[in-house]
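Student: Sharing a structure, written as structure tokens. Questions coming.
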Amino acid sequence: MGSMIDFKRPDGSSCKGYVAEAGKGKPGIVVIQEWWGLNDQIKGVADRFAAAGYNALAPDLYKGRVTQKPDEANHMMSGLDFVGASDQDIAGAVKHLAAMSGKVGVMGFCLGGALTIAACARVSGIVCGVPFYGVPPGQLADPAKIKIPMQGHFANTDDWCTPQVVNDFEKAMTSGGNKPEVFRYDAAHAFANEKSPAYDAAAAKQAWERMMVFLKKHL
């Protein structure tokens, strides 16, 4: 089990986050929340990473706010400073983990998937990224500018991060000279969240196993 900590952002202010440690010198992974906030499910993902040998840190992008209501989650996500989340909260988490881990990757789900891609395009010090069913708007991050290894996991019946959005993301990255690993599953948005009605155990297991192979290779 992990615990809540405060870590420094590049601007000198602090951000809270949930850290689950595997030990000094182990590789690091920043875990980025869904639109619900830093809830127990996301903390559980960080714990799962720690059990697998990674120091995991999930920054609290909503500053303590958590919800189970889609309308409220949409409101909080819409009000989020995406640039600040990427360039300050996630960048600070990467730097904090680097001090104990060395190599650091970033991964996230939904909102966190989009911010994973954004951070990989905007933040230095990230070795690799693994977005789940989320792609940021072009004005936040140009996938063509990403130069590090990426592995994406997306749902074929997703009306938010649609198959066309995924195709455009893959095409943009490829046009920039980077060849991402992009996996598509016959599942719905949030298929990897065991607390979601959309949870697909087989797809979630396959995605996790693919991610573990990818992270072991690059971290």
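Only the coordinates and a few stated rules stand behind these numbers; no lab work does. Since we're looking at a predicted model, the values are computed, not measured. Neighbour counts run over all protein chains shown; Cβ positions are idealised from the backbone, glycine included.
Student: Starting from the coordinates of the alpha-carbon atoms of the chain, obtain the Kirkwood hydrodynamic radius over all distinct pairs and give the value in Å to one decimal.
Tutor: Values: mean 1/r = 0.0594 Å⁻¹.
Roughly 16.8 Å, rounded to one decimal.
Student: Also, quick follow-up: Order the peptides 28-41, 163-176 from the highest to the lowest mean number of other Cβ atoms within 10 Å of their residues.
Tutor: On the way: 28-41: 24.7, 163-176: 16.2.
So the order, starting with the most tightly packed, is 28-41, 163-176.
Student: Taking only DSSP H segments of four or more residues, each worth -39500 (n - 2.57), what value at 222 nm results for the chain once the sum is divided by all its residues, to the nearest 500 deg cm²/dmol? List each step's numbers first, then the result.
Tutor: Values: 6 runs with 75 residues, N = 219.
My calculation for the chain gives -10500 deg cm²/dmol from helical runs alone.
Student: Still on this structure, I have one more. Among the trypsin sites (Lys or Arg not before Pro) within the stretch 1-38, which fall in a DSSP loop and have no more than 14 other Cβ atoms within 10 Å of their own Cβ?
Tutor: Sites meeting the loop and neighbour criteria: LYS24.
Student: Kirkwood hydrodynamic radius for the stretch 1-48: how many Å is it when counted over pairs of different Cα atoms?
Tutor: Taking every pair of different Cα atoms in the stretch 1-48, averaging 1/r and inverting gives 11.8 Å.
Student: Return the FRET efficiency for the residue pair THR67, SER175: r is the Cβ-Cβ distance, R0 is 41 Å, and the value is rounded to the nearest 0.05.
Tutor: 0.65
Student: Same structure again: Post the alpha-carbon centroid distance, the stretch 168-219 to the stretch 1-45, in whole angstrom.
Tutor: 21
Student: Ok, one more. Take GLN164 and MET212, extend 7 Å from each Cα along the Cα→Cβ direction, and tell me the distance between the two endpoints in nm.
Tutor: Label at GLN164, label at MET212, 3.7 nm between them.
Student: Any idea what the relative contact order of the chain is, in percent, if you count C-alpha pairs under 8 Å spaced at least 6 apart?
Tutor: 16
Student: List the lysines whose Cα sits under 27 Å from the Cα of LYS43, skipping any in the same chain fewer than 8 residues away.
Tutor: LYS8, LYS16, LYS24, LYS26, LYS63, LYS69, LYS95, LYS103, LYS195, LYS205, LYS216, LYS217
Student: Cut-off under 20 Å on the C-alpha distance; same-chain residues fewer than 8 positions from LYS171 excluded. Which lysines are left, in chain and number order?
Tutor: Counting by Cα, and skipping residues close in sequence, LYS171 has these lysines nearby: LYS145, LYS147, LYS179.
Student: If I stretch the segment between ALA52 and ALA201 completely, what's the gain in nm (0.36 nm per residue apart, minus their alpha carbon distance), one decimal?
Tutor: Additional length available on full extension: 51.8 nm.
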